[in-house]
Amino acid sequence: MNIVEKVLKSHLREGEYVKGQEIGIRIDQTLTQDATGTMAYLQFEALGLKEIKTDLSVSYVDHNTVQVGFENNDDHLYLKTIAERYGIVYSRAGNGICHQVHLERFGKPGTTLLGSDSHTPTGGGVGQIAIGAGGLDVAVAMGGGSFYLTAPKVYKVNLTGALKPWSSAKDVVLKMLSILTTKGNVGVMLEYGGEGVKTLSVPQRAVITNMGAEMGVTASIFPSDEVTKAFLKAQKREGDWSELAADKDAQYDRVIDVDLSAIEPLAAAPHSPGNITAIKDIEGMSVDQVAIGSCTNSSYRDMMMVGDILKDKVVAENVSLGIAPGSRQVYEMIDRDGALGSMIAAGARIMESACGFCIGNHFSPKSGGVSLRTSNRNFEGRSGTKDAQVYLVSPEIAAIAAIHGKVTMPEKAGVKYPQVAEPKEFLIDDRMFIKPSAAKIGKTEIARGPNIGKPPVNDAMPKELNGEVAIKVGDKITTDHIMPAGSRLKYRSNVPKYAEFVFEGVDKTFPARALENKDKGINNIIVAGDSYGQGSSREHAAMCPMYLGVKAVIAKGFERIHAANLINFGILPLTFADAADYDALEQGDKLTGDFAPAVKTGKVTLKNERTGKTIDLLCSLSQRQQDIVVAGGLLNYTVSK
């Protein structure tokens, strides 16, 4: 067996392990963060669940740490008290970004991790099958329920050689994005192997698995080897190590060869992580802002590299430089080892160990500004500035640009390549975790601020559709397009309020039109192009449209997490039997036909009342998914069970 098969088959609970068929697996660990976790725990309560049945569940506060107004702070207090009541580990604001911290303190080879964040696959760097999902799926898993996924295709990425100076793990994953692109990889897991693996540290591996999310793969995983063992030993967790390797005769659906020694510095140009270009091809481009950090590139190694490059330098006068270490552990260690002082002396603005700039809730670029970022997404407007030009690069390239004021090839930068070794021992200080206490489990009163509501409940799917195309959008619509992040995230636990901003950057009139249709008994339909729902696992991108009366999304194609979230909230994801029918639909078209009964057949035929023609649509759902969507969503379905 390959590594993916070994882990999944050892966790198999339901179904037969046949590629393309739905299986249910046991989940060992879960993580949530405050932007998605509040609703996940509200759903946990709404499901009537009474105890945590995973080996470990951790609630992180790392997204909305900029507490403008009462909403975020109230949510954090809710998260703290619910963690105490149910026996969840609570990671306080300031302890760091969930993926970085979980890798350091909890990631365990051979286990399964489910997280309410799309970059949960970071855990693959330490040999976990780590999967991002909607909060409702995580709530069910915390209560002991199975997580369902399609038994995946497995692609082996065969690494050879070793990285040259100035080429980085970020460049490796950008190279992978140039090969696989950001679409067409639903139902795939990546397994990294080959002789080149042993040349990469665990933090470097985690950079690569982190951005597997941008390719749309379900998870990415590295073997657990002596490098993994050394990392866990340095974290004083050697007891968590176990060897994990593919059998010599393991089979794969595809093999992709990547020579690490041939990797050159790369960038993802606006406005997609898949828009790959060479640094040499944008050399000389003036830069207005540099942001270093995020769950992708904020490890001790990354920060020490940056500190070395900035030592005795000053940030160019045309550049604003912000740096966010990924965890409290990293923050303290770079202070002890001198990099933090070099950053401050160079004029960098040192930010919280939090997601911050990556989700656009602060440090936005100027109008039309060029921002080099070490994060994982550069969707239009995600930075908080709609017309900003965001490039994704390695920490080394970002730091060099900060001192030169423009994109500069390292060989011409006048700096020596930093030699940073992995620590033999990390600084261990777990005091910012609040761990479960028997005295508080079942007894703590849950704090609920005025912005915290209940999860909205959907009606059962109608037998006949009385629908209207409420909006028509194009290809690669992200969850940021559907449900804006940044300052709007503070309304995540108040769905009626958050729903006012659905498609805010696409068509501000959508929420009002949709609610008007809902009040009239008209079912809203969204029509979309290919790769609908890219990006974040933000289930509000399904929940808020559901609240507005959306009953179906008709698209050329869906991304995995968003399709699952639509089903979880009773919205039917339909694909065109003939993609040409996309062009025949217009906003405002009335669509009618059998609905709930047709779901069971796998095919829905709707009549366009404007043209008089019918459109054949496919709904390739498992029996369980059919039952969920007909019931009006996973909440209804689970409670009924």
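The values are calculated or read from the model by the stated rules, or taken from the named source; none is laboratory data. Remember, it's a predicted structure, so these values are computed and weren't measured experimentally. No Cβ is skipped: glycine too gets one built from the backbone with ideal geometry, and neighbour counts run over all protein chains shown.
The table below gives the values:
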read-out	value
The range 568-621: number of residues that are β-branched (Val, Ile, Thr), exposed (fewer than 15 other Cβ atoms within 10 Å of the Cβ) and closer than 30 Å to residue 47 by Cα	1
Residue check, residue 528 assigned by TED's automatic domain parsing to the domain that holds residue 627, at pLDDT 95 or above, out of contact with any Phe, Trp or Tyr (no Cβ under 8 Å at 6 or more places or on another chain) and closer than 21 Å to residue 599 by Cβ	yes
Residue in the range 191-206 that is in a loop (DSSP other than H, G, I, E, B), at pLDDT 95 or above and under 15 Å from residue 103 (Cα atoms) present	yes
Flag for residue 457 being buried (at least 16 other Cβ atoms within 10 Å of the Cβ) and either touching a helix residue (DSSP H, G or I) at 6+ places or on another chain (Cβ under 6 Å) or farther than 30 Å from residue 284 by Cα (or both)	no
Residue pairs meeting the criteria (Cβ under 8 Å; at least 6 apart or on separate chains; first surrounded by 15 or more Cβ atoms within 10 Å (Cβ to Cβ) and of a type in the set (A, V, I, L, M), in the range 438-451; second at pLDDT 95 or above and in a loop (DSSP other than H, G, I, E, B))	441/87
Residue match in the range 175-196 (condition: touching a His at 6+ places or on another chain (Cβ under 9 Å) and buried (at least 22 other Cβ atoms within 10 Å of the Cβ))	no
Residue match in the range 298-313 (condition: part of a helix (DSSP H, G or I), β-branched (Val, Ile, Thr) and surrounded by 20 or more Cβ atoms within 10 Å (Cβ to Cβ))	yes
Single match in 129, 208 (criterion: surrounded by 22 or more Cβ atoms within 10 Å (Cβ to Cβ), β-branched (Val, Ile, Thr) and more than 26 Å from residue 400 (Cβ to Cβ))	129
Failed item in (1) surrounded by 24 or more Cβ atoms within 10 Å (Cβ to Cβ); (2) among the small types (Gly, Ala, Ser); (3) without any contact (Cβ under 8 Å) to a residue 60 or more places away in the chain, with residue 536 passing the rest	(3)
Long-range neighbours under 8 Å by Cβ, at least six apart or interchain, first residue under 20 Å from residue 48 (Cβ atoms) and touching a residue at least 40 places away in the same chain (Cβ under 8 Å) within the range 608-635, second charged (D, E, K, R) and outside any helix (DSSP H, G or I)	624/22; 632/459
Answer residue from the range 488-523, given it is buried (at least 16 other Cβ atoms within 10 Å of the Cβ), small (Gly, Ala, Ser) and closer than 24 Å to residue 359 by Cβ and is modelled with the highest pLDDT among those	499
Matching residues in the range 424-442 - criterion: being hydrophobic (A, V, I, L, M, F, W, C) and closer than 19 Å to residue 55 by Cα	433, 434, 438, 441
Test: residue in the range 91-106 that is touching a helix residue (DSSP H, G or I) at 6+ places or on another chain (Cβ under 7 Å) and more than 23 Å from residue 433 (Cβ to Cβ)	no
So residue 134, is it under 15 Å from residue 537 (Cβ atoms), buried (at least 24 other Cβ atoms within 10 Å of the Cβ) and among the small types (Gly, Ala, Ser)	yes
Options 90, 78; residue that is surrounded by fewer than 24 Cβ atoms within 10 Å (Cβ to Cβ), assigned to a strand (DSSP E or B) and either modelled with pLDDT of 95 or more or not assigned by TED's automatic domain parsing to the domain that holds residue 246 (or both)	90
Unique residue being modelled with pLDDT of 95 or more and among the charged types (D, E, K, R) when the list is 429, 459	429
Matching residues, the range 341-395, being among the charged types (D, E, K, R) and either in a loop (DSSP other than H, G, I, E, B) or in contact (Cβ under 8 Å) with a residue 40 or more places away in the chain (or both)	352, 366, 373, 377, 380, 382, 386, 387
Among the residues listed as 68, 101, the single one being of a type in the set (A, V, I, L, M) and surrounded by fewer than 22 Cβ atoms within 10 Å (Cβ to Cβ)	68
Options 389, 329: the member that is surrounded by 18 or more Cβ atoms within 10 Å (Cβ to Cβ) and under 24 Å from residue 317 (Cβ atoms)	389
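Conditions (1) touching a helix residue (DSSP H, G or I) at 6+ places or on another chain (Cβ under 9 Å); (2) modelled with pLDDT under 95, marked per residue:
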| residue | (1), (2) |
| --- | --- |
| 293 | yes, no |
| 297 | yes, no |
| 307 | yes, no |
| 316 | yes, no |
| 322 | yes, no |
| 331 | yes, no |
| 342 | yes, no |
| 360 | yes, yes |
| 370 | no, no |
